[in-house]
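Here is the structure we will look at, set down as structure tokens.
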């Protein structure tokens, strides 16, 4: 699932899909925590997932705000359109 | 009281430190109090020390005060120590006192200047360096003062640094004196390697023991020291920096000319007189340099239109007299002329400062005129100073000191008729250019309006100097005019008396009479040419020969042009040709290499965020692999 998200991040050009891929990766990590917690009978795994959830919500808020600004600037959601920093 | 000797250089140094650290935050009044007060206290200290030195002279008429050991390396132990004898006492006294008057004057003169505290800081450091130079008992301390004086002259000539011309003049002064300093330091090393001491008195003692009269080493050392003295004291062939040094503020010029800097060379030669007695060739060279400089500078002074440049050339010419006196072994006569010159030259510069200040910084004499009534103080003091400079017989100080030198140029064993005649021609020239200056500036029709009158702080110092320019001469008079010899008697406790030679034909009275005659001829001629019949002067310069000479003299005998062609242009040419040598290649190679790397790495900066993400992934995979499998 993590690899799926990673590949999505690398191959998609639409910013919304990139954000979604990041979410997938975060959930993959969260799931790994939960599985590990139930395997070793520790509550820490579920606690970590709650943290990740809160962080993901904040990240999405910032990410979507950036996407909005990006759209204003470039009139597109293509991540490759933003290459002004080319060396 | 002699214990307080260390105060004389320390007080101006303390003034400099206070002004350098706190100066910009202080108001003008405290700055003036610190700046002028430190020099005033220093002058007072040297006055008290002189009084106690005269009242109860120390053993051998010399006193050494050792403060601490400066450096202690492998037996080489220069000390911070001050040496006081008749020579250094006299010079210190004159230097601090004249400097005090100049500082007092500049408290008003510089009042409107932005860099008020900076100016006083530099001036204090200047005096501190000069006094260190005079009192230092070893060559290293002497050299410290010598270089300090050079540094301060650079700072003060370029004081108004926003104008690039002033910066150029400052650089010129620094570089030209550096040429002489190089000769000086080689001379100092030569003496140290052969005599193994840097204590000046000990050095002189050993020189007279180990070196035979006229030996090659003594001549070489004498000539090298002369090189240093020539640079500092603006003698031929290094005299080109002084006229340009007029770019500095007027009190600075007064300080450089009268008290500090240019007399350092005279002091150096008088201090090492033993060496010159051992090397008659070097001493003869001193006399020849002096006489040549005094004639050439006198002729150049005749053609200048800038009031301060005339005074600059007159200084060069008067220092030439001092060198002449040193060269014929009339040590005390040289110092006598140094003293009177300090009084009247400081006076002339300060009066000229009043004039230029009153006329919106106008320096062209041909645009002045008729200032006699407008600026009476400046006129009378300038007249006194000018008469003293030109040597008005019987009443002025300059007459007695110059007359003594001219007489010694004939009467001393190493003097000659040629030196004597040329030095009298020098009097004629001095009188000519001095009265040309006075007539153009103070007589005739007024050409500019006076906008500013001097206040008390500017008037009092020039009046004091005016009194001194007259009274200063009566400490040493010839036998037919009172026969006073207090000055030379005092100096002969540290300098030997001149060696009398065979004299035929003229007597001292005749010599002094000829000086008076030369003065009178110069006065009448310039009255005729520059006041009554102005067209005569123009007719003289209109002739092809006159015109060529005028231009030649005006450009200081083409010295600047010659040095430009001889030294500056070849160096520039070589720099152009040598631009691409292999050392440069090394440095440009490094630059090329980094440029190459830059080009290689910059292609990775695509600006595409997905590539960066891929890079991060690739990197983490590689690191994870390393951690897991290695």
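The values are calculated or read from the model by the stated rules, or taken from the named source; none is laboratory data. Computed from a predicted model, the values in this text were never measured in an experiment. Ideal geometry is used to build each Cβ from the backbone, glycine not excepted, and the neighbour counts take in all protein chains shown.
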Qualifying residue in segment B:85-94 (condition: touching a helix residue (DSSP H, G or I) at 6+ places or on another chain (Cβ under 9 Å) and assigned to a strand (DSSP E or B)): yes
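Results for (1) in contact with a helix residue (DSSP H, G or I) (Cβ under 7 Å, 6 or more places away or on another chain); (2) modelled with pLDDT under 90; (3) part of a helix (DSSP H, G or I), shown as yes or no for each residue.
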{"residue": "B:7", "(1), (2), (3)": "yes, yes, yes"}
{"residue": "B:23", "(1), (2), (3)": "yes, yes, yes"}
{"residue": "B:44", "(1), (2), (3)": "no, no, yes"}
{"residue": "B:80", "(1), (2), (3)": "yes, yes, no"}
{"residue": "B:83", "(1), (2), (3)": "yes, yes, no"}
{"residue": "B:99", "(1), (2), (3)": "yes, no, yes"}
Selected residue (only one of B:391, B:385, B:466, B:472 is within 23 Å of the chain's Cα centre (by Cα) and either closer than 21 Å to residue B:510 by Cβ or surrounded by fewer than 18 Cβ atoms within 10 Å (Cβ to Cβ) (or both)): B:391
Count of segment B:602-630 residues which are within 11 Å of another protein chain (Cβ to nearest Cβ) and either over 60 Å from the mean Cα position of the chain (by Cα) or over 29 Å from residue A:22 (Cβ atoms) (or both): 18
Flag if residue A:56 is closer than 26 Å to residue B:610 by Cα, surrounded by 11 or more Cβ atoms within 10 Å (Cβ to Cβ) and within 13 Å of chain B (Cβ to nearest Cβ): no
Count of residues meeting criterion [surrounded by fewer than 24 Cβ atoms within 10 Å (Cβ to Cβ) and in a helix (DSSP H, G or I)] in segment B:143-159: 9
Some residue of segment B:499-514 being surrounded by 14 or more Cβ atoms within 10 Å (Cβ to Cβ), free of Cβ contacts under 8 Å to residues at least 24 places away in the same chain and under 25 Å from residue B:346 (Cβ atoms): no
Filtered residue count, segment A:31-65, keeping only those that are free of Cβ contacts under 8 Å to residues at least 24 places away in the same chain and within 13 Å of the chain's Cα centre (by Cα): 6
Residues within segment B:476-493 that are in a helix (DSSP H, G or I) and buried (at least 19 other Cβ atoms within 10 Å of the Cβ), tallied: 4
Those residues of segment A:66-87 which are away from every other protein chain (no Cβ under 11 Å) and more than 14 Å from the chain's Cα centre (by Cα), in sequence order: A:68, A:69, A:71, A:72, A:73, A:74, A:75, A:76, A:77
Among the residues listed as B:313, B:267, the single one being under 14 Å from the mean Cα position of the chain (by Cα) and more than 22 Å from residue B:185 (Cα to Cα): B:313
Residue list for segment B:289-309, restricted to those being in a helix (DSSP H, G or I) and over 20 Å from the mean Cα position of the chain (by Cα): B:299
First in segment B:84-100 and under 17 Å from residue B:486 (Cβ atoms), second anywhere and in a strand (DSSP E or B), Cβ under 7 Å, 6 or more apart: B:85/B:62
Residue among B:406, B:424 that alone is closer than 28 Å to residue B:271 by Cα, surrounded by fewer than 22 Cβ atoms within 10 Å (Cβ to Cβ) and more than 22 Å from the chain's Cα centre (by Cα): B:424
Residue within segment B:125-132 that is without any contact (Cβ under 8 Å) to a residue 60 or more places away in the chain and touching a helix residue (DSSP H, G or I) at 6+ places or on another chain (Cβ under 7 Å) present: no
Cβ-Cβ under 9 Å pairs, at least 6 apart or on other chains, segment A:3-16 side facing chain B (nearest Cβ under 9 Å), far side assigned to a loop (DSSP other than H, G, I, E, B) and at pLDDT below 85: A:13/A:77
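So that you can scan it fast, the table gives a plain yes or no per residue for (1) within 30 Å of residue B:497 (Cβ to Cβ); (2) more than 18 Å from the chain's Cα centre (by Cα):
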| site | (1), (2) |
| --- | --- |
| B:57 | yes, yes |
| B:63 | yes, yes |
| B:80 | no, yes |
| B:98 | yes, no |
| B:103 | no, no |
| B:109 | no, yes |
Test result for residue A:63, within 14 Å of chain B (Cβ to nearest Cβ), modelled with pLDDT of 90 or more, surrounded by 15 or more Cβ atoms within 10 Å (Cβ to Cβ) and assigned to a helix (DSSP H, G or I): yes
